Amino acid sequence: MKIRLADLLIEWQDEYADFVGAFEDVSDGASVMNIEFVDTIPECHGIQYFESDAAHTLRLPGGEFLCADEDWSRATGFFTAKNGEHALELAALCSRFSYFSTLLLHASCVDIDGEGVAFTGFSGVGKTTQAKLWQEYIGSEIINGDKILLKEENGVAYAYGLPWKGSSEFCLNKKTKLRAVVVLRQAKENRITKLGPSASNEYFLPHIFMPAWDRKCVCNMLDTYEKIIAAVPVYLLECRPDEEAVRLVYETTEWKN
């Protein structure tokens, strides 16, 4: 089967369609990546050596691993269960997507009539909470509560939903034009500050997934990141989980009525 993520077609092995079914795409077109699965991990008794054509190998502590070619356009994952979020496959996808001005952000994202806001920050800061507040008070739609793809095209940044959603319940196959990135910090009073490039590097950049195992991918992602912060404003929101925080961002970003 084929799935479409960030307007890119991926060949995904049919037997593992349940996880990505909502992102299936039946249109014609060339795929930028092929992902296969092997649901058994080779047994290892003592020291083993095996030859492989793979340029890259990613491995989890439990023994699951993935092999990919030089530009990440073909990948094979070896694992023990069909269920779950396929962490290695997401890592391989992010590596491949770096070639197409696309990166993964740890964030929730809301959409109103084709325009969106991404809320990022460290785990537990309230990303999904802010998205739910926007849903309650603004009537926005929640694209994802934990992970989104960001893509830059001709000076415009877009956010895309993903099958991967962490512990969040929200997961839509949807694209939105990114209006702002909001970095969250919990505080006793609501306050918003627009960040320049240097401050964005401090507050925003750490929440972008970087494939440190491949220098070219990292360089690609940093180039995309610079284009994104040039295309959309980045804010630091020190806030409480309340309607006032929602209205503060809404008014600051001068949302269309």
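Readers should treat all values here as calculations from the given coordinates under stated rules, not as data from a laboratory. Every value quoted in this text rests on a predicted model; they were computed, and no experiment measured them. We place every Cβ from the backbone using ideal geometry, glycine too, and count neighbours over all the protein chains shown.
Comparing Thr176, Thr102, Thr120 in a Gaussian network model of the chain, where Cα atoms under 10 Å apart are tied by springs, the biggest mean-square fluctuation is seen for Thr176. For helix 87-97, what angle does its Cα long axis make with the longest principal axis of the chain, in degrees from 0 to 90 and rounded to 10? The two axes meet at around 80 degrees. With a simple spin-label model that places each label point 7 Å from the Cα along the Cα-to-Cβ direction, the separation between Phe122 and Arg215 comes to 3.1 nm. Here each label is just a point 7 Å from Cα along the line to Cβ, and for Asp69 and Asp14 those points are 2.3 nm apart. Computed extension gain for Gln186 through Asp7, at 0.36 nm per residue and net of the alpha carbon distance, reaches 61.0 nm. Suppose R0 equals 35 Å. What FRET efficiency, 1/(1 + (r/R0)^6) with r the Cβ-Cβ distance, do Glu226 and Thr40 give to the nearest 0.05? It comes to 0.25. Residues Thr57, Thr128, Thr253, ranked from the fewest to the most other C-beta atoms within 10 Å, line up as Thr57, Thr253, Thr128.
Computed from label points 7 Å out along Cα-Cβ, the spacing between Ala199 and Glu251 is 1.9 nm.
Among the aspartates and glutamates, select those whose C-alpha is under 14 Å from the C-alpha of Lys227, and discard any that sit fewer than 8 residues away in the same chain. Cross-link targets: Glu152, Glu153. Using the rule -39500 (n - 2.57) for each DSSP H run of four or more residues, divided by the residues of the chain, the 222 nm mean residue ellipticity is -6500 deg cm²/dmol. The Cα center of the stretch 167-215 and the Cα center of the stretch 97-148 differ in position by 9 Å.
Taking each pair of different alpha-carbon atoms in the stretch 102-252 once, compute 1/r for the pair, average those values, and report the inverse of that mean as the Kirkwood hydrodynamic radius in Å to one decimal. About 15.2 Å for the stretch 102-252. Residues whose amide H lies under 5 Å from that of Met33, counting only those 5 or more places away or on a different chain, are Glu11; hydrogens are built 1.01 Å from N in the peptide plane.
Take the Cβ atoms of Tyr137 and Ala55, set R0 to 51 Å, and the FRET efficiency comes out at 0.55.
Which entries in Lys151/Lys177; Lys147/Lys194; Lys165/Lys216 show an alpha-carbon gap greater than 19 Å?
Lys147/Lys194; Lys165/Lys216, as the Cα separations exceed 19 Å there.
Using only side-chain charges placed at the Cβ, +1 for Lys and Arg and -1 for Asp and Glu, the dipole size of the stretch 102-252 relative to its Cα centre rounds to 300 debye.
Values (1) 14.9; (2) 12.6; (3) 13.8 are given for comparison; mean projected area of the Cα convex hull in nm², derived from the coordinates here, is the one labelled (1).
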